[in-house]
1. Which is closer than 26 Å to B:Asn205 by Cα, among the β-branched types (Val, Ile, Thr) and free of Cβ contacts under 8 Å to residues at least 60 places away in the same chain, of A:Val124, A:Val145, A:Val117?
2. Starting from residues that are among the β-branched types (Val, Ile, Thr) and crowded, with 17+ Cβ neighbours inside 10 Å, keep the ones in segment A:316-354 and report whichever is nearest to A:Arg293 (Cα to Cα).
3. Can you tell me which residues in segment B:224-259 are under 15 Å from B:Pro116 (Cα atoms), assigned to a helix (DSSP H, G or I) and not hydrophobic (A, V, I, L, M, F, W, C)?
4. For segment A:12-22, check the following and say yes or no: at least one residue is of a type in the set (Lys, Arg), touching a residue at least 12 places away in the same chain (Cβ under 8 Å) and not in a loop (DSSP other than H, G, I, E, B).
5. Looking at (1) closer than 30 Å to B:Trp208 by Cβ; (2) open to solvent by less than 60 Å² (accessible area, probe 1.4 Å); (3) modelled with pLDDT under 90, can you tell me which one A:Leu51 breaks?
6. Given A:Val321, A:Val333, A:Val339, which one is in a loop (DSSP other than H, G, I, E, B), among the aliphatic types (A, V, I, L, M) and modelled with pLDDT of 85 or more?
7. Restricting to segment B:93-108, name every residue that is open to solvent by 60 Å² or more (accessible area, probe 1.4 Å) and outside any loop (DSSP other than H, G, I, E, B).
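The values are calculated or read from the model by the stated rules, or taken from the named source; none is laboratory data. These numbers come from a predicted model, not from an experiment. Cβ: placed from backbone, ideal geometry, glycine included. Neighbour counts: every protein chain shown. Quick note on the areas: whole protein, heavy atoms, side chains included, nothing else; ligands and nucleic acids left out. Shrake-Rupley method; radii C 1.70, N 1.55, O 1.52, S 1.80 Å.
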Amino acid sequence: MSIEIRHVSKTFDSFQILKDINLTIPTGELVALLGPSGSGKTSLLRIVAGLEQADTGQIIFQGRDLTDSHVKERQVGFVFQHYALFQNMTVFDNIAYGLKVRPRKLRPSKSEIRQRVEKLLALVRLEPYGRRYPSQLSGGQRQRVALARALAMEPEILLLDEPFGALDAKVRKELRHWLRHLHESVKVTSIFVTHDQEEAFEVADRVVIIHDGKIEQTGTPEQVYEHPANPFIYDFIGSANRFEGKISQGKFIDGSFETEAPDYTHKTIDGLGFIRPYHFIIEKNNPGKHSIRAKIKHIRTIGPIVRLDVERSDTHNVLNVEINREEFRLLDVHTGEFVDLRPKEVQIFPMNESS
Amino acid sequence: MESIVQSDISSRTHVIRQSVKSKIVRWSLISVVLIFLFCFLVVPLIAIFFEAFRQGTSVYFSSIIEPDALASIRLTLIVALIVVPVNALFGILFAWVITKYSFKGKNVLVTLIDLPFSVSPVIGGLIFILLFGQHSGFGRWLMSHHIEIVFNVPGIIIATLFVTFPFVSRELIPLMENQGTVAEEASLTLGANAMQTFFRVTLPNIKWALFYGIILCNARAIGEFGAVSVVSGHIRGVTNTMPLQIENLYNEYHFVSAFALASIMSLLAIITMILKGIMENYMRNSSN
C-alpha cells in the first residue's frame, strides 16, 4: 500500500512543527525519516498514523484519502519508542490483542488466533516467552513483542517511532539487521523515524532528512551520503570539520589554507567548507597553501581507528582527524607536535543558503 | 603509622557513641509516638466498646435492633450504596478528562475538584439548603411539584456526593498522569474502540488506585456528619444517618445505645482501614 503525504502542515502552540511536507512512498518501500530531535519527524509519523491531525494537507493511502479518518480505520501497525506493551497482559495476549478486539464477524476463531500468535512468536524468535509478562523481558525482547503485536493484524503499512532508541548499542545493531531481514520477508510499506544516521543508512531503502519541519533531502543512503544537498545535511550525517571562508575565482580560502572550488568561478562570496575527519592525509614537514598546519592536542585510540584533536596554527580552531591504527603507527607522531594536513576531499557550499 | 591507627580507633569509638546516641533517640521517639497513638486512638476505641457493652450484650443488641437505630443503619448504607458508585464513575471520568485531553481552563478544574476538601462541610450543606430549600425560586418550584430534596433522603445523598467527590479522582489523576496515553494509543492503533480500550487497557492499569479511592470515599460517605446534619432535618427513623442518630441518642443521655451504634461505625472504620492496608500493599507490588 503506497503512502502519499500532501502539503501537510502542523502548528503546536504557535510553533510550526511541520511546514508543507510532501512525500510519496511506493508500496513495499522502507523509508527512514531522519532528523535531529525536535525536527518534526515523530509528529509527521503520528499524523500518518492518525494519532494526530494535520492542520492542513492530506494523507492518502493507495489513492484513498484518509485525512479525516480515525486511527482505527487506517489499519496501520505502529511501534512505539517505549514499546507501549500492555503490562497487565502476557506476551501472548499482547500479540493477540489486535485480533481479539475485532468485531465478532471479522474475528478469527480461538484456534486461528493461537496459530497466528505462535507463528508471530516464532518470527520474532520469542517462542518460549508467550506466557511471560512484559516486565519479565529485556528491552530488546519487549520491542520484538511490540513488533509482533503490530504485525498481528497483518497491516499493509508499518510505522516505527524510534523503535530502537531506548536500547543499548549491541541490541540495537542486532535488531536493525533483524528489521531489515523482516522487511525483506514481509514487504510491508514501512516508515521508521530515527535520529541515528547510521541506523537510517543501514536499514532504509530511502532516507528522508527532516530539519526544522521541512524535508531537506530525499534519496538512497548512498545519494544522501555522497551528495549532501546543503551544509546542514553534511554536518548532520557523520561528523565533519567546518571551515568558514571566502569563495573567490574558483578558490575557497580560509586563513592560510586554500583549495579548488571550480563550481564557483565569478564573484567573491562567503562560503562554507566541510571535510570529513577521515579525509585528511597527515604529513610531517610538508607545508604549502593546500595544507593546514596544526598542532596535535589529544590522541585517542578507539578500536581500529585513532582520533586526533589538532589545533590550526593560523585560526586556532580545533579539527577532528581520524586515521587508522596502522597509518598512525607508521606516522609516529606525538601530542604537541606540528603536522601538515592535506585534505583529500572538501565539500564547498556558498553561504547564502541556510547554514 | 601509629597516628593513623590511633585516629582510626578514635573515629570508631566516635561512630559507636553516635550509634548508641541515635539508638536512644530512636527508641525515645518511637515510644513517644506509641504512647500518643495509645492515648488518642486505642483508648477511645476500647472505651467505645467498653461503654457499648457496659450493660451486657443483650442491651447492646437490643439497642442496635431498635427500629430507629436500624433505620439509621439502613439509611447510611443506602447513601453509601448510591454515593460511592456515582462518585467512582464521576472520579474516573474526571481523571480521564484531566489526564488524557488538554484544553483551556484545565488547571481551574483541577483546583475546583479540591473545593469539597477545603470548604467546611457545614457550608457545603448550607449551599444545598439555599439551592433546594424554600429560600430560592428553584426550591419553591420543586416544592410546588412535590419534589422534596431538603430535609429528605435526596438532600442527604446530594450533600454526601458533594463532600466525597474528590476522593476517587484524587487517587487516579497522579497515576494516570504518570502512565500517559501511550498504552491507549497502542490499543487504538490495534483497532480497538474506545470502550474496549477503556475496559481492557485503562481499567486494569488503574484498578488498585480506583479501589483505594473507593474505600476512602466509602469511609467518608458513611461517616459524614456536618453537611448531612445541615440538610437532613434530623427526622428520627427517616432522615437520620448513623452519625446523626448517635448524636441524637447521646444528647438524650442514651449512652449505651449511642455507643452501641458507635461501635458498629468503628467496626466499619477498622474494616475499611484493613482493606486500605491490603490495597496499599497490592499497589506497591504492582508498581514494582
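1. On inspection, the qualifying residue turns out to be A:Val117.
2. Ranking the qualifying residues of segment A:316-354, first place goes to A:Val339.
3. Correct list: B:Gly226 only.
4. Yes, segment A:12-22 contains a residue that is of a type in the set (Lys, Arg), touching a residue at least 12 places away in the same chain (Cβ under 8 Å) and not in a loop (DSSP other than H, G, I, E, B).
5. The one condition A:Leu51 does not meet is (3).
6. Result: A:Val333 is the single residue among A:Val321, A:Val333, A:Val339 that is in a loop (DSSP other than H, G, I, E, B), among the aliphatic types (A, V, I, L, M) and modelled with pLDDT of 85 or more.
7. At the first step, the residues of segment B:93-108 found to be open to solvent by 60 Å² or more (accessible area, probe 1.4 Å) are B:93, B:101-104, B:107-108.
Selection gives B:Leu93, B:Asn107, B:Val108.
Every residue, every condition in (1) surrounded by fewer than 16 Cβ atoms within 10 Å (Cβ to Cβ); (2) more than 30 Å from A:Ala32 (Cβ to Cβ); (3) among the aliphatic types (A, V, I, L, M), yes or no:
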site: A:Ile233; (1), (2), (3): no, no, yes
site: A:Ile237; (1), (2), (3): no, no, yes
site: A:Gly245; (1), (2), (3): no, yes, no
site: A:Gly250; (1), (2), (3): yes, yes, no
site: A:Tyr264; (1), (2), (3): no, yes, no
site: A:Lys267; (1), (2), (3): yes, yes, no
